[in-house]
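Worksheet: the structure to be examined is printed underneath.
The values are calculated or read from the model by the stated rules, or taken from the named source; none is laboratory data. Nothing here was measured: the structure is a model prediction, and the numbers come from that model. Glycine gets a Cβ as well: all are built from the backbone with ideal geometry, and neighbour counts include every protein chain shown.
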Amino acid sequence: MSDHKRHLGLPFSEILRMAWVSVCAHKLRSALTMLGIAIGVFSVIGAMTVISALQASIEEQLNVLGSTSFQISKYPAIHSHGPINPYANRRNIVIGQAQRVKELLADTGATISLNVNRWGRQVFYEDKKTNPNNNLVGTDEAFITGRSYNIGLGRNLTPDDVEYGRAVCVIGADTRGRLIPVGDPIGAIVRVDGQGYRVVGILERKGELFGQSQDNLVIIPITRFLQVYGRENRSIGINVQARTQAEMGGAMDRAYGAMRVVRGLQPEDANDFEIFSNDTLVNAFAKIANVVGAGAFVISLIALLAAGVGIMNIMLVSVTERTKEIGIRKSLGAQRRAILRQFLIEAMVIAQCGGLIGIAMGVGGGNLVAKAMNAGAVFPVGWTIVGFVFCSAIGVGFGFYPAWKAARLDPIEALRFE
Amino acid sequence: MKRLLFEFNESIRIAAQQIRANRMRSALTALGVIIGIVAVTLMGSAIGGIDRGVNDSLAVVGDDILYVTKWPWRDIQDWWNYRNRPKIRTDYAEQINDYVREHPEIPIKLAVPADEMMTNVYRGDYAVNAVYTLGTTADFPKIGRGDMLEGRFFNETESRGGRNVVVLGFDVADALFPGDSPVGKTVRIRDQQFTVVGVATKQGSFLGMFSWDTMVIIPLQSFRKMFMRATEGAQIRVQIDRSRADEARMELRGIMRRIRGVSPEMPDNFEINTQDSIKKQLDPVRNGLALAGFVITGLALFVGAIGIMNITYVSVKERTREIGTRKALGARRRAILLQFLVEAVAICVVGGVVGLVLSGALAATVAWLAPSLPVVFPLWLILFGMAISVATGVVSGFAPAVNASRLDPVEALRYE
């Protein structure tokens, strides 16, 4: 430490104080330079805050499944409904296969629930009817936990309902709002495709996913569903809920094995089914978000670069103006490193002050934009650190040439400078 | 006036002198502007490129066609309101054409029925999957833009008779008959053998997502035979007079309502689409990109402007004594203001020119490296770039210049 002091002449705190004094000596100039850096950092942090906020809000919406559950199905969770459907030629997962998988996975202790859907159903109650956009689900009592729904009113389906194929149903909040907005809905008979089902429960509202309601559904026992619509031409989805998050990975591996056995796939065959969990969905989405984020980061960095040029320019002016001071310091024995350090720190102080202002502006502005786009507020810690490191780096990088120039000044010439 | 001109000339002279005297400083200040201008103009070039890509892609199908369909060509949330519309029947085309024959004054030229489906096309061991298959009549070439590379389009007799003849898109022909002429040979679609009568010229792709060349065209009658279940894709393509587009649209709506027997109080049970519907679908994405892009790159330019302001302030401060002398010798405020403003603008204009040359070169490099990317560098972008660089100079140089012009000569002369 004492060694350091001898070499650099001044203690660090003193250099910092000197830097601050010279920053304050030219208030307007320093303020404008800082403003440049602040806007550069604002550009980076603002863009990244907006993207992080949108990403967070979409990921939050993506809780299609329960936190410990995954789904086995014929189609992947996200696939385009274009005219070309490469998955359509896959064999359906028939009820027999689904039951086999259930048996094979029994020893994992996971709760396994089968489900089968009919989309675009119209639900009737007395003289009211819904739009034909309801999802009729045939399943069992484990469905609501597997899909992270909650019972708001009444009761869930019971194993008995499934066992005896009772004509009972649990309906979503939107379906209820449309059919039975007032009064007690429990016990009401709603009709789907001409079949009556007694309402035993109402689900709590789950909210929208990509603008699509998740609350317009009617859940009936799967036994009843197959009785009404038959077993042919439909693919059964299998929902597996591991006991804990830790067991989920293992259960998923087992599920791949079980499905391959049941489907009779040879070792060289590709999987002709999909297994996905919330994480799969989030990851698939994160891939897109990362590409967009990288692009936005690079473009927004341009402003910071321009600010760096501004720092360099003003530091050069500062060095020229203080040539005499440098000459005096050098003739009194200050080493090159000390001068270099002094100007570098001055550049850093300006860059970091500007950076802090920029981070504040960026987080604030970014969240305002995100709010206008209906996304929740975030504080992107990672990007804040990246932004701060970058603006410090810009301070050092662009401050180096002026500082080096100052350090190399010949004391005699410098003292004589007018 | 003469005096103003003289002051202006003098300002330019002084500015040139100053820029030369402080080479490093001026260069760095200009660099700030250059970065901003390059960012903004490249963004403009990219957005222009997207526009051109969309237009080029759409131009292939002709911009004078109206499409009568059951479903609108936009994103709809309330699909249940359209589901029960009756299907579009292909014989409407005949009825529209009859009407047009009786009323030659209306701006509708020709209606052609079309139906579409995705199928696989085979030739021996070769197969092309998911080919866009269009069933239409012999009138189709009259409203289309594409030309035949080889052979011919099917004729009226083949069309009416529902013969098994097919016109292949360029890519399909290339994949099924590599290095060979397909005309006169047969391909298999579903379980039917089709004789190839022609190959269409290469038409390119729609933004790289959908190739117009991966298609085959067969007579509508054969199409109906093969795909028995009527598809949802049935449509009537109506060629109109571009100069009277609105009128044509109204007229077509009237004809369609009459054909469909829609009573006056009922809403339309069909949709009339144009290419603009596709453009409109893309518009929110494009506008969002453009807005975000220009805001972010605009910030870079803004930072450059701050740099200019800063350095002009420094320059004013350094030359306080000179300003004092000039004022003492009778220079007006205006002259001082002009002097500093011209200096700031000059740096910006130099920066702007260099920036435009740089981004022009970059755009050209991108166009050269990746010819498939539509890059544009139109004249308006150059003018726009120059205009904003001058504006940047004026805006950022104004405050320091006013400061300079307001200096008290006595104080200024005494300044150390």
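Go through segment B:368-416 and report how many residues are in contact with a Gly (Cβ under 9 Å, 6 or more places away or on another chain), assigned to a loop (DSSP other than H, G, I, E, B) and touching a residue at least 24 places away in the same chain (Cβ under 8 Å).
9
Name the residues in segment B:94-126 that are touching a residue at least 40 places away in the same chain (Cβ under 8 Å) and among the aliphatic types (A, V, I, L, M), would you? Before you say what the answer is, go through the steps one by one.
To start, the set of residues in segment B:94-126 that are touching a residue at least 40 places away in the same chain (Cβ under 8 Å) comprises B:95-96, B:99, B:106-117, B:119-123, B:126.
Answer for segment B:94-126, where residues must be touching a residue at least 40 places away in the same chain (Cβ under 8 Å) and among the aliphatic types (A, V, I, L, M): B:Ile96, B:Ile106, B:Ile108, B:Leu110, B:Ala111, B:Val112, B:Ala114, B:Met117, B:Val121.
I'd like to know if segment B:4-12 contains one or more residues that are closer than 22 Å to B:Leu358 by Cα and either part of a helix (DSSP H, G or I) or in contact with a Cys (Cβ under 8 Å, 6 or more places away or on another chain) (or both). Full working, then the answer.
Going residue by residue through segment B:4-12, those that are closer than 22 Å to B:Leu358 by Cα are none.
No, that holds for no residue.
Please go through (1) touching a residue at least 40 places away in the same chain (Cβ under 8 Å); (2) more than 19 Å from A:Ser22 (Cα to Cα); (3) part of a helix (DSSP H, G or I) for A:Ala375 and return the number of the only condition it doesn't satisfy.
Checking A:Ala375 against (1) touching a residue at least 40 places away in the same chain (Cβ under 8 Å); (2) more than 19 Å from A:Ser22 (Cα to Cα); (3) part of a helix (DSSP H, G or I), the one that fails is (3).
Please work out if A:Val378 is within 14 Å of chain B (Cβ to nearest Cβ), β-branched (Val, Ile, Thr) and surrounded by 15 or more Cβ atoms within 10 Å (Cβ to Cβ).
Working: within 14 Å of chain B (Cβ to nearest Cβ): no; β-branched (Val, Ile, Thr): yes; surrounded by 15 or more Cβ atoms within 10 Å (Cβ to Cβ): yes.
Here the answer is no, as A:Val378 does not meet what is asked.
So is B:Ala335 crowded, with 16+ Cβ neighbours inside 10 Å, small (Gly, Ala, Ser), under 20 Å from the mean Cα position of the chain (by Cα) and away from every other protein chain (no Cβ under 14 Å) or not?
Details: crowded, with 16+ Cβ neighbours inside 10 Å: yes; small (Gly, Ala, Ser): yes; under 20 Å from the mean Cα position of the chain (by Cα): no; away from every other protein chain (no Cβ under 14 Å): yes.
When the stated conditions are applied, B:Ala335 does not pass them.
Would you call B:Gly184 surrounded by fewer than 17 Cβ atoms within 10 Å (Cβ to Cβ), at pLDDT 85 or above and under 25 Å from B:Ile88 (Cα atoms)? Spell out the reasoning first.
On the way: surrounded by fewer than 17 Cβ atoms within 10 Å (Cβ to Cβ): yes; at pLDDT 85 or above: yes; under 25 Å from B:Ile88 (Cα atoms): no.
Judged against the criteria, B:Gly184 is not a match.
Can you name every residue in segment B:109-165 that is more than 18 Å from B:Glu94 (Cα to Cα), in a loop (DSSP other than H, G, I, E, B) and touching a helix residue (DSSP H, G or I) at 6+ places or on another chain (Cβ under 6 Å)?
Within segment B:109-165, B:Phe153, B:Asn164 meet the criteria.
Among (1) at the interface with another protein chain (Cβ under 10 Å from one of its Cβ atoms); (2) in contact with a Phe, Trp or Tyr (Cβ under 6 Å, 6 or more places away or on another chain), there is one condition A:Asn313 misses while meeting the rest; what is its number?
Of the numbered conditions (1) at the interface with another protein chain (Cβ under 10 Å from one of its Cβ atoms); (2) in contact with a Phe, Trp or Tyr (Cβ under 6 Å, 6 or more places away or on another chain), the odd one out for A:Asn313 is (2).
Testing A:Leu340 on (1) within 13 Å of A:Phe400 (Cα to Cα); (2) aliphatic (A, V, I, L, M); (3) within 14 Å of chain B (Cβ to nearest Cβ); (4) surrounded by fewer than 22 Cβ atoms within 10 Å (Cβ to Cβ), one condition comes back false. Which one is that?
Result: A:Leu340 fails condition (3) only.
Test of understanding: among B:Gln239, B:Gln281, B:Gln275, B:Gln235, which residue is of a type in the set (S, T, N, Q), in contact (Cβ under 8 Å) with a residue 12 or more places away in the chain, crowded, with 22+ Cβ neighbours inside 10 Å and more than 14 Å from chain A (Cβ to nearest Cβ)? Please lay out each step first, then the result.
On the way: B:Gln239 fails: crowded, with 22+ Cβ neighbours inside 10 Å; B:Gln281 fails: crowded, with 22+ Cβ neighbours inside 10 Å; B:Gln275 fails: crowded, with 22+ Cβ neighbours inside 10 Å.
None of the other options fit; the residue is B:Gln235.
So, in segment A:112-137, exactly how many residues are closer than 13 Å to A:Ile238 by Cβ and more than 32 Å from the chain's Cα centre (by Cα)?
Counting residues in segment A:112-137 that are closer than 13 Å to A:Ile238 by Cβ and more than 32 Å from the chain's Cα centre (by Cα) gives 0.
Taking segment B:151-163, which residues are crowded, with 18+ Cβ neighbours inside 10 Å and out of contact with any Asp or Glu (no Cβ under 9 Å at 6 or more places or on another chain)?
We begin by selecting, within segment B:151-163, every residue crowded, with 18+ Cβ neighbours inside 10 Å; these are B:151, B:153-154, B:158-159, B:163.
Within segment B:151-163, B:Gly151, B:Phe153, B:Phe154, B:Glu158, B:Arg163 qualify.
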